[in-house]
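Okay, structure first, notes after.
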Amino acid sequence: MLRDRNLIPLSRQHQHALALCVRIDRASPIGDADLPAWQAEMAQHFENEIRIHFAAEEHVLFPAARKFPELGPLVDELLLDHFMLRERFAEAEARKMIAADLSEFAQRMSAHIRKEERLLFERVQELMSQDELSLLGQSLEDALKDAGQACALPADATRPPVK
Ligand SMILES: [Fe+2]
Ligand SMILES: [Fe+2]
């Protein structure tokens, strides 16, 4: 099913996270010398986007999905995924990961995103009325507002100075 426009901001962030997973996958097995750079990138990606993405899902999307009893068990599973993924991001922040952890992270993260896209988003779109979806979209927009700003900072910081 075509993604409803109210869920597109989350789907776009999923694409960004999947791109990181694919790059980790392609670079694997990652050598010891490259481990710090990959962990730094993971930590930055978390700060720029994932932290707010997870919060928006947990505070807005998941509670809205839970109103449909059939989605309860799926939401529980997704929350558990968030808990485990946050731990991986914290390990990256602390530079405690080994190469195998990075591969495992990439697999867990992409599996989580697939579950959200193929199971949760699809079903939410089918179950909710257009009005409910619009309200959800507005709440998500509010919850995600800070993500765009956070993203702009590192981009500016790494841009060469204008002469
Ligand atoms: Fe999620
Ligand atoms: Fe997500």
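Tell me which residues, restricted to segment 112-137, are within 16 Å of ligand 1 (Cβ to nearest atom) and in contact (Cβ under 8 Å) with a residue 24 or more places away in the chain.
Of everything in segment 112-137, those that are within 16 Å of ligand 1 (Cβ to nearest atom) and in contact (Cβ under 8 Å) with a residue 24 or more places away in the chain turn out to be H112, I113, K115, E116, E117, L119, L120, F121, E122, R123, V124, L136.
Inspect all residues belonging to segment 49-59 and state whether any of them is farther than 30 Å from G137 by Cα, in contact (Cβ under 8 Å) with a residue 24 or more places away in the chain, out of contact with any His (no Cβ under 7 Å at 6 or more places or on another chain) and surrounded by fewer than 16 Cβ atoms within 10 Å (Cβ to Cβ).
The answer is no, given that none of the residues of segment 49-59 is farther than 30 Å from G137 by Cα, in contact (Cβ under 8 Å) with a residue 24 or more places away in the chain, out of contact with any His (no Cβ under 7 Å at 6 or more places or on another chain) and surrounded by fewer than 16 Cβ atoms within 10 Å (Cβ to Cβ).
Taking interchain pairs and intrachain pairs at least six residues apart, which have beta carbon atoms under 8 angstrom, with the first residue in segment 74-90 and without any contact (Cβ under 8 Å) to a residue 12 or more places away in the chain and the second assigned to a helix (DSSP H, G or I)?
none
Between L2, L35, L7, L85, which is of a type outside the set (D, E, K, R) and modelled with pLDDT under 95?
Answer to the check: L2.
Out of curiosity, is A150 at pLDDT below 95 and under 21 Å from L61 (Cβ atoms)?
Yes: the conditions hold for A150.
Restricting segment 8-27 to residues that are touching a Leu at 6+ places or on another chain (Cβ under 7 Å) and more than 12 Å from F105 (Cα to Cα), which is least open to solvent (accessible area, probe 1.4 Å)?
So the residue we want is L10.
Being more than 11 Å from the chain's Cα centre (by Cα) and within 13 Å of ligand 1 (Cβ to nearest atom): is that true of V60 here?
yes
When the residues of segment 69-82 are narrowed to those that are touching a Leu at 6+ places or on another chain (Cβ under 9 Å) and surrounded by 15 or more Cβ atoms within 10 Å (Cβ to Cβ), which ends up farthest from Q125 (Cα to Cα)?
L78
I need the full set of residues from segment 1-46 which are closer than 28 Å to E122 by Cα and outside any helix (DSSP H, G or I), in order please.
Correct list: M1, L2, R3, D4.
The values are calculated or read from the model by the stated rules, or taken from the named source; none is laboratory data. Given the structure is predicted, the values throughout are model-derived calculations rather than measurements. Backbone-built Cβ (ideal geometry, glycine too); neighbour counts: all protein chains shown. Note: accessible area is taken over every heavy atom of the protein model, side chains too, but ligands, DNA and RNA are not part of it. Shrake-Rupley method; radii C 1.70, N 1.55, O 1.52, S 1.80 Å.
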